[in-house]
Amino acid sequence: MQTKDYYKILELPPSATLREIKSAYRRLAHRFHPDKNNADAYSTAQFEIIKEAYEVLSDPRKKEYYLQQRWYDQVTNRKQSFITITPVTVLKQVLELDKYVSKLDVHRMDKQGLYDYVCRMLNDETIQKLNVFDEKDTNKVIVHSILKSCHALPLKFARPLSVQLLKLNTDASTLEKIRLYVNHSRLSENWSKYKVWLLLLIVVLLCWLIYSLSA
């Protein structure tokens, strides 16, 4: 999972002092505090990530560990995350994934990697936060896009993925689509398992038919 860029969240350079960190936190917390924004879900989500950034950067032990992770990300060229979890930001990630997967060869794609990525993107914490917004229409698009991206995943991935998707607040038609996705995956696996024997049976029958007609 990507390390969050706490400095960017607090609108500070990495060289910021503790005094500057505290000042930035007070300023941003005042702007996004739920009491100042009528408990708006988007402001609350932003306030939570600002609070998280402050709690890490103001604690010497937590900050030291964070800086180690930040350094590791830089060395391995991993991009740091600056994402407040909202239906809009998650939907953007999901649509980008769908666009990327659509260009892949289904037979050569890393199915394990795709499954792991989706599970990280839609972990329990993210789903819990999405459900707080209760934007069922957006959740519906998220689910449909995920199912489209993951249509080629085998049953061993489709089952647990469907369990995760069923946790999202959405409508009855989307829940049914998730169940149909699992059924389709099961049928595909059964077909893959028995198609060799079926084709062999067809060949045997054709040979018998040709022999009978020529006798």
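Taken as a whole, the structure leaves residue 111 outside the set of residues that are loosely packed, with under 10 Cβ neighbours inside 10 Å, over 30 Å from residue 39 (Cβ atoms) and of a type in the set (D, E, K, R).
Per this entry, residue 135 is counted among residues that are at pLDDT below 95, closer than 30 Å to residue 8 by Cα and more than 14 Å from the chain's Cα centre (by Cα). The single condition among (1) out of contact with any helix residue (DSSP H, G or I) (no Cβ under 6 Å at 6 or more places or on another chain); (2) within 25 Å of residue 127 (Cα to Cα); (3) among the aromatic types (Phe, Trp, Tyr) that residue 197 does not meet is (2). Return yes when residue 131 is surrounded by 15 or more Cβ atoms within 10 Å (Cβ to Cβ), assigned by TED's automatic domain parsing to the domain that holds residue 178, on the phi < 0 side of the Ramachandran plot and touching a Pro at 6+ places or on another chain (Cβ under 9 Å) and no when it is not. So residue 131 does not fit the description; no. As a summary of the residue check, residue 120 satisfies the conditions (1) in a loop (DSSP other than H, G, I, E, B); (2) in contact (Cβ under 8 Å) with a residue 60 or more places away in the chain except for the one numbered (1). Exactly one residue out of 138, 170 is outside any loop (DSSP other than H, G, I, E, B) and either outside the structural domain of residue 11 (by TED's automatic domain parsing) or farther than 30 Å from residue 48 by Cα (or both), and it is 138.
Output the residue which, of all residues in the range 84-108 that are free of Cβ contacts under 8 Å to residues at least 12 places away in the same chain and within 21 Å of residue 9 (Cα to Cα), is surrounded by the fewest Cβ atoms within 10 Å (Cβ to Cβ). Looking at residues that are free of Cβ contacts under 8 Å to residues at least 12 places away in the same chain and within 21 Å of residue 9 (Cα to Cα), I get 92. Taking the condition surrounded by 15 or more Cβ atoms within 10 Å (Cβ to Cβ), of a type in the set (Val, Ile, Thr) and closer than 30 Å to residue 124 by Cβ, does residue 163 pass? Taking the combined requirement at face value, the residue does not satisfy it.
The values are calculated or read from the model by the stated rules, or taken from the named source; none is laboratory data. Keep in mind that what you see is a predicted model, and the values were worked out from it rather than measured. Neighbour counts run over all protein chains shown; Cβ positions are idealised from the backbone, glycine included.
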